[in-house]
Amino acid sequence: MFEKTLDFTFNNTERVYLKSEFVELGRSMQLWRVLSSGHQIHLKESNKLTYLVPTVGRLDVLVRQTEYRAEAGGSLLFSPNERTTRVTPLTSGEDYEALVILLSEDRIERMMPGNDQVNRDIALALAADIERGASLRSYTHFLGNEIARPMSALTREHMLAGAAALLEELFIALLEDENAVTRRLSSGVAYVNRAEELMREYFGDAISMKDLADRMNISLRSLQIAFRQHRDCAPRDRLNEIRLREARARLLKANKGASVSDIAFDCGFTHLGRFSAAYRKAFGELPSETLR
């Protein structure tokens, strides 16, 4: 099924069962059905993308010290790699079952010229309750059930070719969507890093988040989304954290005669009561206690 099996063991040697069958769909694509009493396989696949859709039981995959899991309703997608896969029935006496699509990496690359998505390591765990990849997962289920029916019209060559064409489009749509998500996340990290640089530079100024976004030539909404994704907070909260840390540093090294209010105002705070409350929450003491 895969290019090379490096190791294989059954989970329970008292009950061993493994059956696999496949159909050539065309367009360098195969659809497999796998039934197993439970096993673990260490394998290497160097030129095919692997799409795994468990229908009964659980699938755990280890790729470079990172674990990915899918149960019935979910799916996993991997670019060519070396991995350890463990399949487990969840009910005693029941067999694990999954649908697996293997498709040529070269074929996808030709269909997506100039797109580096398939050239990097892909490892996607797509849960059943998320929209991304839902069409591909649903159509894979349909194909698996329909092809298994005796005398199904879908097993005719021209019908399989049509199914392969649609699958290919669904794979490309998923990869393009994932690439867009990757670009957005990458842009978000850049936005956060640049915003924090500006916050540290202008923490003492009366700067609004709109001012900050304008300096970066992005929308306020983009700035807010980036901070939610990568800092799990609003940009204003991050600015206040930077101001509080600066205020504490100044209070700790303040000369005799320095005042809390002067330091607070210099660090961009305009409401002393709120400053004191936020400071105590962050550091466990009042700013006046730090100053003493």
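Scanning region 229-237 turns up at least one residue that is under 30 Å from G284 (Cα atoms), outside any loop (DSSP other than H, G, I, E, B) and modelled with pLDDT under 85. Does T9 qualify as being over 24 Å from L143 (Cα atoms), outside any strand (DSSP E or B) and assigned by TED's automatic domain parsing to the domain that holds R156? No, not satisfied. If only residues of region 129-146 that are farther than 11 Å from L31 by Cβ and among the small types (G, A, S) are counted, the one that is modelled with the lowest pLDDT is G133. Among the numbered conditions (1) part of a helix (DSSP H, G or I); (2) over 33 Å from the mean Cα position of the chain (by Cα), the only one that I242 does not meet is (2). Could you tell me whether any residue of region 146-162 is under 22 Å from P54 (Cα atoms), acidic (D, E) and out of contact with any Lys or Arg (no Cβ under 6 Å at 6 or more places or on another chain)? Yes, because at least one residue in region 146-162 is under 22 Å from P54 (Cα atoms), acidic (D, E) and out of contact with any Lys or Arg (no Cβ under 6 Å at 6 or more places or on another chain).
Checking region 44-60 against the condition returns a match, with at least one residue being part of a strand (DSSP E or B) and over 29 Å from L154 (Cβ atoms). Scanning region 146-161 for residues that are surrounded by 14 or more Cβ atoms within 10 Å (Cβ to Cβ) and out of contact with any strand residue (DSSP E or B) (no Cβ under 8 Å at 6 or more places or on another chain) yields E146, L154, M159. Cβ separations smaller than 6 Å between residues 6+ apart or across chains give the following pairs from region 228-246 residues that are over 14 Å from Y279 (Cα atoms) to residues that are surrounded by fewer than 14 Cβ atoms within 10 Å (Cβ to Cβ): H230/V189.
Report whether or not R137 is closer than 19 Å to Y17 by Cβ, surrounded by 15 or more Cβ atoms within 10 Å (Cβ to Cβ), in contact with a strand residue (DSSP E or B) (Cβ under 6 Å, 6 or more places away or on another chain) and among the basic types (K, R). Considered against the rule, which asks whether it is closer than 19 Å to Y17 by Cβ, surrounded by 15 or more Cβ atoms within 10 Å (Cβ to Cβ), in contact with a strand residue (DSSP E or B) (Cβ under 6 Å, 6 or more places away or on another chain) and among the basic types (K, R), R137 comes out as no.
The lone criterion from (1) surrounded by 15 or more Cβ atoms within 10 Å (Cβ to Cβ); (2) among the hydrophobic types (A, V, I, L, M, F, W, C); (3) at pLDDT 90 or above left unmet by L126 is number (3).
The values are calculated or read from the model by the stated rules, or taken from the named source; none is laboratory data. Since this is a predicted model, take the numbers as computed values, not measurements. Because the Cβ atoms are built from the backbone with ideal geometry, glycine has one as well, and the counts that use them run over all protein chains shown.
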